[in-house]
């Protein structure tokens, strides 16, 4: 067996956990910024890696360090080594909990209470002169 120093260093990347719905797997998005070859504008590119998370400790929004490893499954070639900061991203979108539906319901009630066009005055309601 060769030691790690003889094999060389394993690649490590830092990214954000964007999905943890799978068992023992987290999807980590790694953003890379580099200047465009011709125009020198900073270009962002994001790549997503499936990383092994044996204890299912990764939470959405966590900033983690992942390390290259042997193939664990068809798509998993990385594992989570360290959690740098804990995330605080809500798993449920506001529309899933009913916030916009309540607003839409209030708007429709207001539309029902107010007529779409004003009704013209009838001749019988005016006082004779």
- Task: Report, ordered by the first and then the second residue, all pairs with beta carbons closer than 6 Å, sequence separation of six or more or different chains, a first member in segment 8-35 that is touching a residue at least 12 places away in the same chain (Cβ under 8 Å) and at positive phi, and a second member that is in a loop (DSSP other than H, G, I, E, B) and surrounded by 12 or more Cβ atoms within 10 Å (Cβ to Cβ).
- Result: 24/53
- Message: Suppose we filter 58, 51, 37 for residues that are in a loop (DSSP other than H, G, I, E, B), in contact with a strand residue (DSSP E or B) (Cβ under 7 Å, 6 or more places away or on another chain) and either surrounded by 12 or more Cβ atoms within 10 Å (Cβ to Cβ) or modelled with pLDDT of 95 or more (or both); which single one remains?
- Response: 58
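The values are calculated or read from the model by the stated rules, or taken from the named source; none is laboratory data. Note that this is a predicted model, so its numbers are computed, not measured. No Cβ is skipped: glycine too gets one built from the backbone with ideal geometry, and neighbour counts run over all protein chains shown.
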